[in-house]
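The structure's right below; bear with me while I get my questions together.
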Amino acid sequence: MVHTLSHTEPLQCSADGIWEACKHADEILPALMPDHFTKSVFLQGHGEPGSIRVVKMGPAIAHAGEVKERMDKFDDATKTLGYTVLEGDPRYSSFSAEVKLVPVGETSSEVVWTATYEPVGDMGPPEHIKQVVVLAFKTLERAVLSRKTLSHTEVLDASPEAIWEACKHADELLPKAMPEFFASSTFLQGNGEPGSIRVIKMGPAVPHAGEVKERLDFFDDAGKTLGYTVLEGDPRYHYFSAVMKFVPGAAAGTTDAIWTATYVPVGDMGPPEHIKGIAILVFKALAVGGKAN
């Protein structure tokens with residue numbers, strides 16, 4: 001017999017803020033809840049409906065091991081996501097859940113979690129799963145409330161069109177133009193479209209960085225805007241993402257290049273001024289590359 005269990009949890013942050021955190025939950029939760037979630041890896045897709053991921057559970061979830069899930073819904077308009085457990089929980093012959101974020105004023109919201117399940121034998125309702133879900137959303141709330149931003153605008157002597165064209169070839173251009181910072185850039189998945197994942201081997205000017213794995217979140221030709229999230233390789237931040245936007249400058253043929261980082265620092269780590277400095281050098285290299293072409 002199919003049963004349902006529902007729970008509503010108040011959150012002290014906006015629905016927009018917590019929804020944005022949901023988009024990065026596969027990076028945030030293992031970083032902030034390692035006892036519960038060790039790792040989340042997509043076997044198929046990148047989080048859109050139909051995506052399949054394996055979540056490796058931590059020691060706080062006894063005997064759970066790995067859980068394979070399918071993303072059934074991820075709706076920006078209604079801030080609703082849904083998933084189905086495919087493998088890994090023998091306590092239920094079927095288990096799916098829906099999460100909906102509801103605004104409550106400008107600075108608070110509610111998360112409504114509803115599970116639909118068929119228990120095996122005399123297994124009761126999934127109160128233990130509900131508790132983990134509540135803890136996960138309180139952790140995302142904490143990430144939203146502790147996140148910080150750093151923004152910088154650099155004026156470049158090249159048109160937005162030229163610089164944006166250079167951005168499309170940045171993985172070849174930057175290792176040639178800035179080998180001391182970027183040794184190589186290789187796509188593990190995709191070819192630069194949203195959802196693509198690349199590994200950047202850093203050069204000697206970035207000590208102890210080694211390799212950084214990034215996901216390209218969006219690449220908007222119309223708005224000349226791109227965004228990326230660091231998945232692995234920077235232990236100074238629990239979470240780090242950035243947006244680059246190129247708009248016409250005040251003088252003809254110039255560009256205002258706007259870099260905005262959103263991050264959750266580890267401990268007392270300060271703002272990523274060092275990363276901002278590299279971003280400025282990247283902008284200048286893109287301007288040179290754009291004018292050359």
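Taken together, the values in this text are just the output of simple stated rules run on the coordinates, not laboratory data. As the structure is a computational prediction, the values presented were derived from the model and not from experiment. Backbone-built Cβ (ideal geometry, glycine too); neighbour counts: all protein chains shown.
Quick one: length gained pulling residue 260 to residue 35 fully straight, 0.36 nm per residue minus the C-alpha distance?
Details: separation 225, 0.36 × 225 = 81.00 nm, distance 3.13 nm.
Going from the current span to full extension adds 77.9 nm.
I've got another one for you. Can you give the local net charge around residue 216? Use residues other than it whose beta-carbon is closer than 10 angstrom to its beta-carbon, Lys and Arg +1, Asp and Glu -1.
Net local charge, residue 216 excluded: -1.
Mean-square fluctuation check for the chain, GNM, Cα pairs under 10 Å: which of 205, 158, 15 is largest?
Among 205, 158, 15, the largest mean-square fluctuation in the Gaussian network model of the chain belongs to 205.
Any chance you could give the angle, 0 to 90 degrees and rounded to 10, that helix 273-292 forms with the longest Cα principal axis of the chain?
The answer is roughly 50 degrees.
Mind scanning 148/213; 224/291; 23/284; 39/73; 79/138 and naming the pairs with a C-alpha gap bigger than 24 Å? Please report the intermediate quantities before stating the final value.
Details: 148/213 21 Å; 224/291 17 Å; 23/284 31 Å; 39/73 21 Å; 79/138 17 Å.
Too far apart for the 24 Å limit: 23/284.
Straight distance only, please: which aspartates and glutamates reach the Cα of residue 176 with their own Cα at less than 19 Å, same-chain residues fewer than 8 apart left out?
Residue 176 reaches 165, 211.
Sorted from fewest to most neighbouring beta carbons within 10 Å, what does the list 254, 229, 4 look like? Let's see the in-between values first.
Working: 254 16, 229 19, 4 10.
Neighbour counts put them in this order, fewest first: 4, 254, 229.
For the charge dipole of region 3-146, defined by +1 on Lys and Arg C-beta atoms and -1 on Asp and Glu C-beta atoms about the Cα centroid, which residue among 139, 111, 7 has the Cα displaced farthest towards the positive pole?
The listed residue farthest towards the positive side: 139.
Treating cross-link reach as a plain straight distance, find the aspartates and glutamates whose alpha-carbon is under 13 Å from the alpha-carbon of residue 130, omitting any fewer than eight places away in the same chain.
Correct list for residue 130: 9, 98.
Using a 10 Å cut-off around each Cβ, can you sort 102, 111, 282, 212 from fewest to most neighbouring Cβ atoms? Walk me through the numbers on the way to the answer.
Details: 102 15, 111 25, 282 22, 212 19.
Least to most surrounded, the residues fall as 102, 212, 282, 111.
Sticking with this one: Restricting attention to region 8-74, which chymotrypsin sites (Phe, Trp or Tyr not before Pro) occupy a DSSP loop and are surrounded by at most 15 other Cβ atoms within 10 Å? Don't jump to the answer; show the numbers that get you there.
Details: sites: 19, 37, 42, 74; in loops: none.
Of the chymotrypsin sites (Phe, Trp or Tyr not before Pro), not one in the loops of region 8-74 has a Cβ with at most 15 other Cβ atoms within 10 Å.
What's the angle, to the nearest 10 degrees (0 to 90), between helix 127-146's Cα axis and the longest principal axis of the chain?
30
Continuing with the same structure: Which is the longest run of the chain containing none of the GluC sites (Glu not before Pro) found in DSSP loop states (not H, G, I, E, B) with at most 14 other C-beta atoms within 10 Å?
With GluC sites (Glu not before Pro) excluded where exposed in loops, the chain gives 181-293 as its longest stretch.
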